[in-house]
Number of protein chains: 2
Amino acid sequence: MSLIVQKYGGSSVADAESIKRVAKRIVETRKAGNEVVVVVSAMGDTTDELMDLANEVVPMPSGRELDMLLTAGERISMALLAMAIKGLGVEARSYTGSQAGMLTDAQHGSARIVDVTPGRVRAALDSGAVAIVAGFQGFNRGTGDITTLGRGGSDTTAVALAAALDADVCEIYTDVDGVFTTDPRMVPAARKIDTITSEEMLELAAAGAKVLYIRAVEYARRHGVTLHVRSSFNNNEGTLVINPADGESNVEEPLIAGVAADLSQAKITVVGVPDIPGKAAQIFTTVARAGANIDMIVQNVSAAATGRTDISFTLPKTDGPGTIAALEAARADIAFETLQYDDQIGKLSLVGAGMRTNAGVSAQLFTALFEAGINIEMISTSEIRISVVTRADTIAAAVRVVHTAFGLDSEEKAVVHGGTGR
Amino acid sequence: MSLIVQKYGGSSVADAESIKRVAKRIVETRKAGNEVVVVVSAMGDTTDELMDLANEVVPMPSGRELDMLLTAGERISMALLAMAIKGLGVEARSYTGSQAGMLTDAQHGSARIVDVTPGRVRAALDSGAVAIVAGFQGFNRGTGDITTLGRGGSDTTAVALAAALDADVCEIYTDVDGVFTTDPRMVPAARKIDTITSEEMLELAAAGAKVLYIRAVEYARRHGVTLHVRSSFNNNEGTLVINPADGESNVEEPLIAGVAADLSQAKITVVGVPDIPGKAAQIFTTVARAGANIDMIVQNVSAAATGRTDISFTLPKTDGPGTIAALEAARADIAFETLQYDDQIGKLSLVGAGMRTNAGVSAQLFTALFEAGINIEMISTSEIRISVVTRADTIAAAVRVVHTAFGLDSEEKAVVHGGTGR
């Protein structure tokens, strides 16, 4: 008998009909002889609607009360799902984050899990019932208050429960067939990946792939949880995200796992920075204080004649205005000449564990882009990833040529269902 | 400093604007130097909408899951109300039934309160905050599950908290100005009652007055909680429901407190019952097994010639079909001749503690009805109440003439706001 944790997002439980469809799938899994724990998000747009209601009442809602409010969403979906399963003749019981033992710190809106004590969930399984657990929510023992985990919280709930219950697999249900070699909406020849390491998945997620949240993948990796990303609209096998033990290489690692594109970043260039020690530190301390998550950094070679240099970095567009303001405020201290802000950039990332043992990947990437007439503006690399920044309007073409150049194209076209899978 | 428990029903917190209005009133009460605990129902029709959703998913939802589902309603209203109060600069914290220590038995959908341990509510008050508590919901320690208290549950929550916290008063906010001598929609000359005993209030509620639930009044009476029923739409004094100590009579009790009408009952007559011992017991055992709450019973004098008699009783219309079916199934055993079902009856009740010491009330009531040409079909009495059954279509006229005959008419017309106050 296997223990399976299944996570269904809001689009999978958007209305009564969807809830009944999901209930049927859960019952099938249970009747196949598995123990089943289900983590569920709020129905459809419930969370957004509750947030709108809060903003109607007060401009800056209290974090504690906002968490109390938003957790009503999963309470509704989990109770309905449990009813639907019981209606199909299988015992089911729903549990809030608190009842399921999701203990967190007291950081309302973005709480971190500090412990998972799923005694009641385990007891429900032992009694033969399906346990339905509210995603996204937790409980702080010190204050006795309800918390929420922030974006992607339901994925994290599922992975944390899978780890605590020593589940065989954590299935993340979405509206696409799994993780693809690149975004199928951009490259119709994208191929579903059957197996990927959590390390590669992390790099892909960090590079802009939307199918899984970084936080959930990190948690799965740290706790050795196998993820299975699959569609709730069919019974196809999806993508397994595995954790090969250190030094274990019975998995034949492909050179390249996938190509990710990210159009959410902007580039700031600090022009005419005095080329003396400490200036870079000064700039990035200012940026960090503004709360920006910077990604790539490039410092140009100094022009000897002027003794000045340019420093460019990328950051989420949403962090742009605040960072610009912080740098402008520090202009006299840093003594730079001007600032340039460019939000028309795109980032392409090539991810593959095989890169570790293959030196030719960069050259092959640059050649493919050059032959397609695509200019590279910035480059950064990690052990298993190469990222390049290009113009935003060339990113789709860039992904296509790179996808082809590394032999990732599929024969058949990917089937993409509506929605975003969250 | 007084400790005031305030209860606001769904119509008082139906939307963001109403919530802000109620928040303002709470803040005024707090700033006047009172400690304030607020019990709140779900917004407007939320509970009905959640119930509809449950019925879409499955015809007979599980009680445990239905309670989990429905309690999401108060979670939303209480969090929004706490946010709104904080937005006005006064500290406020919301608590679920479980957090507020509303301990109940495990009867989902109609749980009984077994203990109230409002430690967190008391601590919130001690820290100067307003405590907002979800109405209608509780927690069973044995199962660890969430429960609901059933109809009128929020009133009961408020009274139970007031008792446990030894509050000075429990204010029940509704959309009318208080308790009236009779339904102002039926009798425009109805007068607001300034003070009424809980004993009288109980009889009025049992006789069909809708403004307070019997259960909450019973709880208040048993625990000596003073209720103040008042409108959330103005600052008028409402009706005080008091508990005079035994033998204490500094309250001048009026002869008649009010007149209640009830059109929700039907009459069943079991015709031709053998007039031998044990038949009545047989009939009412059958009725009780069908789950019907019977109210009045009349047995006709036996006709000596036939050795048979008729037995009539009243019961809620909703219990009618089931009771008829149960009696039909027992027809051979009981050996009655026919059943008659009459759902066109109305019940008028006259309530007043002064009746105890005044013998002429019945005669005065029957005279007033006789002079108005209204026929009396059944009569029942308690120590402080007389009820009569008439035709349904004469009940409004009956209430008017009785209201006038006992000198209850007001000079001014009552102001009635929309809605039912629940």
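The values are calculated or read from the model by the stated rules, or taken from the named source; none is laboratory data. The structure displayed is predicted, hence computed values, not measured ones. Backbone-built Cβ (ideal geometry, glycine too); neighbour counts: all protein chains shown. Areas reflect the complete protein model, heavy atoms only, side chains present, ligands, DNA and RNA absent. Shrake-Rupley method; radii C 1.70, N 1.55, O 1.52, S 1.80 Å.
Observations on the structure shown:
- Distant alpha-carbon pairs in chain A (separation over 37 angstrom), percent: 32
- Radius 14 Å from Cβ of B:K24, net charge of other residues (Lys, Arg +1; Asp, Glu -1): +4
- At 0.890 mPa s and 25 °C, Stokes D of the range B:156-296 from Kirkwood alpha-carbon radius, µm² per second: 141
- The range A:328-394: radius of gyration and largest Cα-Cα distance (Dmax), Å: 16.2, 47
- Accessible surface buried once B binds A (1.4 Å probe; total of both sides; Å²): 3100
- Dividing the summed helix terms, -39500 (n - 2.57) for each DSSP H run of n ≥ 4, by the number of residues in chain B produces a 222 nm estimate of -10000 deg cm²/dmol to the nearest 500.
- Of all lysines in the structure, those lying under 22 Å Cα to Cα from A:K86, and not within fewer than 8 positions of it along the same chain, are A:K7, A:K20, A:K24, A:K31.
- Local electrostatic count at B:S312 - Lys and Arg +1, Asp and Glu -1, tallied over other residues with Cβ under 10 Å: -2
- Peptide B:83-89 has a mean of 5 when you count, residue by residue, the C-beta atoms of other protein chains within 10 Å of its C-beta.
- Across the identical copies, the label point of A:T338 (7 Å from Cα in the Cβ direction) is separated from its matches by 10.3 nm, in order from shortest.
- Summing Cβ point charges (Lys, Arg +1; Asp, Glu -1) relative to the Cα centre of the range B:3-174 gives a dipole of roughly 540 debye.
- Accessible surface, per residue, of the protein assembly as shown when the full set of protein chains is kept, probe 1.4 Å, Å²: 41
- Its residues counted as N, the protein assembly as shown yields a C-alpha radius of gyration over 2.2 N^0.38 Å of 1.23.
- Within chain B, antiparallel bridges make up roughly 60 percent of the DSSP beta bridges whose residues both belong there.
- Long-range Cα-Cα pairs in the range B:3-174 (distance over 20 Å), rounded percent: 47
- Ordering B:26-35, B:104-113, A:93-102, B:208-217 by mean Cβ neighbour count within 10 Å, with the highest value first, yields A:93-102, B:208-217, B:104-113, B:26-35.
- Expressed to the nearest 5 percent, the antiparallel share of DSSP beta bridges inside the protein assembly as shown is 60 percent.
- For the protein assembly as shown, with +1 on Lys and Arg beta carbons and -1 on Asp and Glu, the positive-most of A:H228, B:Q265, A:G346 along the dipole: A:H228
- Magnitude of the charge dipole for the protein assembly as shown, about its Cα centre and with charges confined to Cβ atoms of Lys, Arg (+1) and Asp, Glu (-1), is about 360 debye.
- Of all chain B C-beta atoms, the nearest to the rotation axis linking B with A is recorded, alongside its rounded Å distance, as B:A72, 2.
- Relative contact order [Cα under 8 Å, 6+ residues apart], the range B:3-174, whole percent: 30
- Sorted from closest to farthest, the other copies place their B:V169 label points 6.5 nm away, with each point set 7 Å from Cα along Cα→Cβ.
- Inter-copy label distances at B:G119 (7 Å, Cα→Cβ; nm, one decimal): 1.6
- Fraction of accessible area attributable to carbon and sulfur, the protein assembly as shown (%, probe 1.4 Å): 50
- Approximating the spin labels as points 7 Å out from Cα along Cα→Cβ, the A:V271-to-B:I214 distance works out to 8.4 nm.
- Chain B, dipole about Cα centre (Lys/Arg Cβ +1, Asp/Glu Cβ -1), debye to the nearest 20: 620
- Ranking A:F313, A:A288, A:V361 by how far each Cα lies toward the positive end of the dipole of the range A:247-422 (charges on Cβ) leaves A:A288 at the top.
- Under the criterion of Cα pairs below 8 Å and six or more residues apart, the relative contact order for chain A equals 15 percent.
- For the pair B:R112 and A:D393, a Förster radius of 60 Å applied to the C-beta separation gives a FRET efficiency near 0.30, rounded to the nearest 0.05.
- Computed over the alpha-carbon atoms, the range A:78-145 gives an Rg to Rh ratio of 1.05, Rh here being the Kirkwood radius from the mean inverse distance.
- 25 Å Cα-Cα reach of A:K347 towards lysines, excluding residues that sit fewer than 8 places from it in its own chain: A:K192, A:K210, A:K267, A:K317, A:K413
- Farthest positive-ward along the range B:248-422 dipole, Cα basis, beta-carbon charges - from B:V402, B:A325, B:S380: B:A325
- Charge tally in the Cβ shell below 15 Å around A:A281, where Lys, Arg are +1 and Asp, Glu are -1, A:A281 excluded: 0
- Nearest-0.05 FRET efficiency for B:F233 and A:Q340, computed from C-beta distance (R0 56 Å): 0.40
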